[in-house]
1. Residues to consider are Gly79, Gly109; find the one that is more than 27 Å from Ala164 (Cβ to Cβ), in contact with a Phe, Trp or Tyr (Cβ under 7 Å, 6 or more places away or on another chain) and assigned to a helix (DSSP H, G or I).
2. So which of Ala116, Ala171 is crowded, with 19+ Cβ neighbours inside 10 Å and at pLDDT 95 or above?
3. Give me a count of the residues in the range 214-243 that are assigned to a helix (DSSP H, G or I), of a type in the set (Phe, Trp, Tyr) and either in contact with a Leu (Cβ under 7 Å, 6 or more places away or on another chain) or within 12 Å of Thr3 (Cα to Cα) (or both).
4. For the range 198-239, enumerate the residues that are within 17 Å of Leu14 (Cα to Cα), surrounded by fewer than 19 Cβ atoms within 10 Å (Cβ to Cβ) and touching a residue at least 40 places away in the same chain (Cβ under 8 Å).
5. For the range 90-98, check the following and say yes or no: at least one residue is hydrophobic (A, V, I, L, M, F, W, C) and either assigned to a helix (DSSP H, G or I) or farther than 22 Å from Leu73 by Cβ (or both).
6. Looking only at the range 97-113, count every residue that is surrounded by 15 or more Cβ atoms within 10 Å (Cβ to Cβ) and farther than 15 Å from Ala152 by Cβ and tell me the total.
7. Taking Gly79, is it buried (at least 22 other Cβ atoms within 10 Å of the Cβ) and over 18 Å from Trp176 (Cβ atoms)?
8. Working carefully through the options His147, His155, find the one that is of a type outside the set (S, T, N, Q), in a loop (DSSP other than H, G, I, E, B), at pLDDT 95 or above and under 21 Å from the mean Cα position of the chain (by Cα).
Amino acid sequence: MSTPDVISIQLYSLRNYGDLDKQLDAVAAAGYRHVETIQSHFDDAAGTRRKLDARGLTASSGHIGLPALRERLDWVVAGAKTVGLTQLFMPALPTEERKGGGEHWRRTGQELGEFATRLADKGIKLGYHNHHWELEAAEDGRPVLAHFFDGANGHPLTWQVDVAWLARGGADPSEWLVKEKARVASAHVKDIAPAGQKADEDGWTDVGTGTLDWPRLWRECRAAGAEWMVVEHDNPKHPDAFAKASFDFLKGLQA
């Protein structure tokens, strides 16, 4: 297996670049073979699939919001099957649900875990994608992310490790990759600009040009079980250039 076989790119990174056709043209030109979709791509799932097929692209995975899981689970399943993916990740809790102690996060983990069990019966794996707010301490001093995973115990909920958000939140990604190895299914690959740089890009930068040791972190993510390594930038100034530069850096790493 070559490295491009496991590299995908989160299309959210190109949301300001143009319509889906233009986004897919850019990532295909950069060398990507796989993409990670966002929820809106299920609105016309058949159209999304046609656009991917026309460029020789496949969907590695997709992001889906918690409200959709709660209110339109059949629609989620149909969209995933039409687009052709078997991994879904819930990317962020609704804003009003991000605050709370250990009990709140355990309940949330249980809820996501129950959805994971239901989706597993449909041949779809469901996981959680972290940011940094899950690193806040609960009453017992443990990060609420630990309580979240406790709540999901007994269910097949996986984890898409956003390495850069862990690092930005002050955690050691390597420790989390070891601690929650059994859940790791995917990783978001993005980089943090040196202090004081790239303020107009929210402090993110092209993968390989920032402060994270991605050759080491890549190996650790893969060793932990990450099937897909998904390139992402939350606010790139030049999305097409970001996609190309990041792919060119990563394709030289060992798959």
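1. On the way: Gly109 fails: more than 27 Å from Ala164 (Cβ to Cβ).
Step by step, each of Gly79, Gly109 is checked, and only Gly79 is more than 27 Å from Ala164 (Cβ to Cβ), in contact with a Phe, Trp or Tyr (Cβ under 7 Å, 6 or more places away or on another chain) and assigned to a helix (DSSP H, G or I).
2. Values: Ala171 fails: crowded, with 19+ Cβ neighbours inside 10 Å.
So the residue among Ala116, Ala171 that is crowded, with 19+ Cβ neighbours inside 10 Å and at pLDDT 95 or above is Ala116.
3. Initial filter on the range 214-243 (assigned to a helix (DSSP H, G or I)): 214-224, 239-243.
Filter once more, keeping what is of a type in the set (Phe, Trp, Tyr): 214, 218, 242.
Retained after the next criterion (residues that are either in contact with a Leu (Cβ under 7 Å, 6 or more places away or on another chain) or within 12 Å of Thr3 (Cα to Cα) (or both)): 218.
Number satisfying all stated conditions: 1.
4. Residue satisfying the conditions is Asp234 alone.
5. Start the filter on the range 90-98 by keeping residues that are hydrophobic (A, V, I, L, M, F, W, C), which leaves 90, 92-93.
Restricting the remaining residues to those that are either assigned to a helix (DSSP H, G or I) or farther than 22 Å from Leu73 by Cβ (or both) gives none.
No, the range 90-98 has no match at all.
6. The number of residues fulfilling the criteria is 2.
7. Details: buried (at least 22 other Cβ atoms within 10 Å of the Cβ): yes; over 18 Å from Trp176 (Cβ atoms): yes.
Spelling it out, Gly79 is indeed buried (at least 22 other Cβ atoms within 10 Å of the Cβ) and over 18 Å from Trp176 (Cβ atoms).
8. On the way: His147 fails: in a loop (DSSP other than H, G, I, E, B).
So the residue among His147, His155 that is of a type outside the set (S, T, N, Q), in a loop (DSSP other than H, G, I, E, B), at pLDDT 95 or above and under 21 Å from the mean Cα position of the chain (by Cα) is His155.
The values are calculated or read from the model by the stated rules, or taken from the named source; none is laboratory data. For clarity, every value in this text was computed on a predicted model and none was experimentally measured. Methodologically, a virtual Cβ is constructed for each residue, glycine included, from the backbone with ideal geometry; neighbour enumeration extends over all protein chains shown.
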